[in-house]
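Bear in mind that the values in this text are calculations on the coordinates, not laboratory data. Quick caveat, the model's predicted, so the values are computed rather than measured. Reconstructed Cβ throughout: ideal geometry from the backbone, glycine too, with neighbour counts over all protein chains shown.
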Amino acid sequence: MTITNTEIEGLLIIEPKVFEDYRGEFFESFNQKIFDEKTAGKYTFVQDNQSSSKAGVIRGLHFQNPPFAQGKLVRVIAGAVLDVAVDIRQGSPTYGKHLAIELTPENKKQLWIPPGFAHGFVALKEDTIFSYKCTDYYAPHSEGAILWNDKDLNIDWGVNTSLMSEKDEKGSVFCDFKSQFVY
């Protein structure tokens, strides 16, 4: 398993070692020991979630405020997504910056998104299945959303029209957003 730092501190790209032969393939999608070595053992996963989406669906940009903040380890089981994480940690040198990465079953990449980031994705193919591990339980009273197409964030989602929930259409604009996360 290879774990690579990104230009935004804390975000990690995880790529498994894949073993292939005439029968198919095998890979270890998660290893707590290796993950702990890279993250100083600070995180424990308590919940696994999965969603399915039609092509063009945008989910996000979501987060949960402290003390219910969630770290997420995300991957795609079927289809493809453009996955986006936005740094919302006050005082961070990359505050308001984002990382976008394509996740597919073929590239088998995963993205570790620690607490302090807003997260979202756009499904690039029909019947996309998105899976993620969370470090805290869902706490609806603590959740928040930043507007997915906020002009200050300048995220290129690669789609002209999108399908999304009413809640996501009403996310906060970034210039008015008051983060509870500190770097």
Task: Output for the stretch 9-31, where each listed residue is free of Cβ contacts under 8 Å to residues at least 60 places away in the same chain and at positive phi - done: Gly24
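Identify the residue in the stretch 123-136 that is of a type in the set (A, V, I, L, M) and farther than 13 Å from Val74 by Cα and, among all such residues, is surrounded by the fewest Cβ atoms within 10 Å (Cβ to Cβ).
First, pick out the residues of the stretch 123-136 that are of a type in the set (A, V, I, L, M): 123-124, 129.
Add one more test, that the residue is farther than 13 Å from Val74 by Cα, and what stays is 123-124.
Values: Ala123: 26, Leu124: 21.
Ranking the qualifying residues of the stretch 123-136, first place goes to Leu124.
Just to be sure I understand, how many residues within the stretch 51-73 are under 15 Å from Thr135 (Cα atoms) and not basic (Lys, Arg)?
11
Closer than 23 Å to Gln47 by Cβ, small (Gly, Ala, Ser) and loosely packed, with under 14 Cβ neighbours inside 10 Å: is that true of Ala139 in this structure?
Working: closer than 23 Å to Gln47 by Cβ: yes; small (Gly, Ala, Ser): yes; loosely packed, with under 14 Cβ neighbours inside 10 Å: yes.
Answer is yes for this residue.
Based on this model, can you work out whether Ala100 counts as within 20 Å of Val173 (Cα to Cα), in contact (Cβ under 8 Å) with a residue 40 or more places away in the chain and either buried (at least 21 other Cβ atoms within 10 Å of the Cβ) or under 16 Å from the mean Cα position of the chain (by Cα) (or both)?
Working: within 20 Å of Val173 (Cα to Cα): yes; in contact (Cβ under 8 Å) with a residue 40 or more places away in the chain: yes; either buried (at least 21 other Cβ atoms within 10 Å of the Cβ) or under 16 Å from the mean Cα position of the chain (by Cα) (or both): yes.
In short, yes.
So, restricting to strands (runs of 3 or more DSSP E) that lie completely within the stretch 9-55, which ones have at least 1 residues that are surrounded by 13 or more Cβ atoms within 10 Å (Cβ to Cβ)? So that I can check it myself, show each step before the final result.
On the way: elements: 12-15, 18-21, 24-27, 47-53.
Answer list for the stretch 9-55: 12-15, 47-53.
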Open item on the list: Looking only at the stretch 119-155, count every residue that is over 20 Å from Glu169 (Cα atoms), hydroxyl-bearing (Ser, Thr, Tyr) and not in a strand (DSSP E or B) and tell me the total.
Closed with: 3
Open item on the list: The conditions are (1) touching a Leu at 6+ places or on another chain (Cβ under 6 Å); (2) closer than 13 Å to Leu11 by Cβ; (3) without any contact (Cβ under 8 Å) to a residue 60 or more places away in the chain, and Trp112 fails exactly one of them. Which is it?
Closed with: (3)
TODO: May I ask you to list the residues in the stretch 97-118 that are assigned to a loop (DSSP other than H, G, I, E, B) and either more than 23 Å from Lys42 (Cβ to Cβ) or in contact with a His (Cβ under 8 Å, 6 or more places away or on another chain) (or both)?
DONE: Thr104, Pro105, Glu106, Asn107, Lys108
- [ ] Mind listing just one residue for me: the one in the stretch 144-173 that is acidic (Asp, Glu) and more than 11 Å from Gly60 (Cβ to Cβ) and, of those, surrounded by the most Cβ atoms within 10 Å (Cβ to Cβ)?
- [x] Asp150
